[in-house]
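The numbers here are math on the coordinates, done by the rules we state, and not lab data. As the structure is a computational prediction, the values presented were derived from the model and not from experiment. Cβ atoms come from the backbone with ideal geometry, glycine included; neighbour counts cover every protein chain shown.
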Amino acid sequence: MKKGVHARRWTVAVLACLVAGVLRAQAPDAATKYRLAQGLELAGDYEHAAQLFGELFARDSSNVLYFDGLQRSLVQLKQYDKAVAVIERRLARVPGDVGLRATLGGVLYKAGREQAADTAWQAAIAVAPANQNVYRAVATVLLDNRLLDRAIDVYRHGREACGDPNLFSVELAQLMIASMDYNGASGELIRWLRANPAQLGFVENRLSAITARPEGLAAAIAATRGALQNSDDASLEELLLWLELEGKDFEAAFDIARKIDARTGEHGAGVYSFAEHVYREKNYAIAARAYQEAMNNGLPAAKVVEAKYGYASALMQLGIVSDTLHGSPGALPASETNPLYSGAIAAFQKVIDEYPRSEYSAKSYYQIGTMQFQRFFDCDGALASFRHVAEEVAGTGPLHYEVCLRMGDVLAAKGDSAHAAAQYAVVAGAPDATPDQSDEANFRLAELDYFGGKFQNAANRLQSLTLNLQADYANDAIGLRDFLQENMAGAPEALTEFARADFLARQHRFTEAIALYQDVCRKFAKSTLADDALMRSAELQADAGLFVDAVASYERLLTEFKENSTLLDRAQFRLGEVYERGLRDRTKAIAAYEKLLADYPRSILADEARKRIRLLRGDAL
């Protein structure tokens, strides 16, 4: 800051010396003097700049550059009367210069002579009252003087004077947005759209300045619906669809998408596009209905397979969401006859049957395998589905590497670390795998080294994954690396047992894993791993449905390690989850969440705890 001030002062001082030299010269060159005047103006030395511009203007009053420089400098010096005199002298030469008359009004307004300013602006308009550029010139000066409402009035008057009801719609909308007149702004942009139907994207872009505000979005929707009452304008329907999607009112948007599709005779293509959009917005219920409706409306054959795959995917996501919202904390997987997923599996199987040896049959096998593994822990079924993927399409490309990764996960869950490593190695060494796939493969290989007690190998592999902090697996890699570095030297035996327990947990061998975690906690009670082992034991007990045991483990951790554990807030939150979703004890769940807020107010889980309390109490969110 100080350096900039000193530099500016030095520049002004140098320019002042140059000015003095010029002024002492017998016949200074006009071009040189003009450049010096410009430099002084830029440096903020308006006094010397005005002096030089004044001399140049006195010598040649017809030169517009000299005139502009002089009046600008005088305005900066607040010498408004002098500026007015200079402008009026110029106007005597060019009385029809609208911009000059508008500028005169601006200077008069700055001088506090508002009535005279109004007279000047009216005189500017009177020069050519049917010319729209006259109103733009005057409005620009009004805006420079922060006279927003006056500028709006000028544009409205210009619209009437020029006989064009659509004139200045965009300019008026912009001014009304600035003055928070959302109804007026929406009306002007709708007026513009009706006159220029091809400008829908432009109108949406301008309206996006107000749709982030609830009142702005409501005003835009109301204005568009009002305009549609007396019109069947296609562009207005498209605008209303966009607005309803912006407001996340997907039911209303669905109705509009249907109407547009029917009116345009798209035979479901418009509804299909809507389904794709809503799917990306994660409203899977409406997406599933839209996919079905698109297919029922005679969707073109080329899009039918995409719609069927989208419908199956939406059903799958609905099952996942339902599991997340209503399942107990880590409840054991249901069978594949679970209605949450049976519909999705059947829908994917239908795609496989109807479009064999296609991209979509391969992707359907992949999704079925993912559900079999992640939702049902059916490792053999998942492996069979993943192997089918390679039979459907050539074993190359991103999907092939995704299958390798998932097969590695399944094999690791079966305890077959050697074959799991082979699958991960395919991806880690593939030059055409995506960066995220390569990172995941290397992270999984590091995990296998860790499970097998090869801690230094794991740490070395993880190090390369921590270099790019923007990568998806960077945080996971940093967490495991730091965990290893903390415990490799201080508690190697405890770490070996802990890693074995982690590997058993990965295989869903919960009883054995819980016993081993508790053994670590008992045998290595003084190690830094003791509280971690007790936390993992409690989490697995909850996963296995042993909710009473989980409560006991969490409470033990909160009591025995209250002085030195970094896991206390998480344990308190998980305790609340067990009461809420496992034991279904609303009172104790609320008490657990409230204790988290009282004891750990800075926890990153505090906001979620407040949300859970409101939900359990039935409060409005």
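Report the paramagnetic label zone for THR32: residues of segment 60-76 whose backbone N is under 19 Å from a point 7 Å from Cα along the Cα-to-Cβ axis. Backbone N within reach: 60.
Relative to the Cα centre, the charge distribution of segment 45-179, modelled as +1 at Lys and Arg Cβ and -1 at Asp and Glu Cβ, gives a dipole magnitude of about 120 debye.
Indicate the gyration tensor shape class of segment 132-197 (rounded, prolate or oblate), computed on the Cα atoms with a ≥ b ≥ c the square roots of the eigenvalues: a/c under 1.5 is rounded; otherwise a/b larger than b/c is prolate and the rest oblate. Judged from the Cα gyration tensor, segment 132-197 comes out oblate (a/c at least 1.5, b/c at or above a/b). From helices alone, the chain scores -25000 deg cm²/dmol at 222 nm; the rule is -39500 (n - 2.57) for each run of n ≥ 4 DSSP H residues, then divide by the residue total. Cβ-Cβ distance of ARG614 and ALA285, R₀ of 30 Å, FRET efficiency by 1/(1 + (r/R0)^6): the value works out to about 0.80.
Counting only residues at least eight positions apart within a chain, or on another chain, the aspartates and glutamates with an alpha carbon under 14 Å from that of LYS588 are GLU555, GLU577, GLU580. On full extension, the segment bounded by ASN131 and ALA515 gains 129.4 nm, given 0.36 nm per residue less the C-alpha separation.
What is the helix-to-structure angle for 269-280, meaning the angle in degrees between its Cα long axis and the longest Cα principal axis of the chain, kept from 0 to 90 and rounded to the nearest 10? Roughly 70 degrees, rounded to the nearest 10. Across segment 605-612, computed HN-Hα scalar couplings (Karplus, 6.51 cos²θ - 1.76 cosθ + 1.60, θ = phi - 60°) run 8, 4, 5, 5, 5, 4, 4, 5 Hz from first to last residue, x flagging Gly and Pro. Check the straight Cα-Cα distances from LYS454 and name the lysines below 27 Å, setting aside those fewer than 8 residues away within the same chain. Leaving aside lysines fewer than 8 places away in the same chain, those within reach of LYS454 are LYS414, LYS523, LYS526. A Förster distance of 45 Å, applied to the separation of the beta-carbon atoms of THR264 and ASP81, puts the FRET efficiency at 0.10. For segment 241-246, the Karplus equation 6.51 cos²θ - 1.76 cosθ + 1.60, evaluated at θ = phi - 60°, returns couplings of 4, 4, 5, 5, 5, 4 Hz by residue, with Gly and Pro reported as x. One chain, two ends: ALA430 and LYS110. Fully extended at 0.36 nm per residue, the span grows by 108.2 nm beyond their Cα-Cα distance.
In terms of its C-alpha gyration tensor, segment 174-259 comes out oblate, because a/c is 1.5 or above while a/b does not outweigh b/c.
For the pair GLU391 and ALA418, a Förster radius of 22 Å applied to the C-beta separation gives a FRET efficiency near 0.35, rounded to the nearest 0.05.
By the beta-carbon count within 10 Å of each Cβ, the least crowded to most crowded order of ASP409, ASP416, fewest first, is ASP416, ASP409. Counting only residues at least eight positions apart within a chain, or on another chain, the lysines with an alpha carbon under 17 Å from that of LYS248 are LYS282. Karplus-derived 3J(HN,Hα) values for segment 405-420, using 6.51 cos²θ - 1.76 cosθ + 1.60 with θ = phi - 60°, are 5, 5, 5, x, 4, 5, 5, 5, 5, 8, x, 8, 5, 5, 6, 4 Hz; glycine and proline are entered as x.
Taking 7 Å steps out from each Cα toward its Cβ at ALA591 and ALA552 produces label points 1.9 nm apart.
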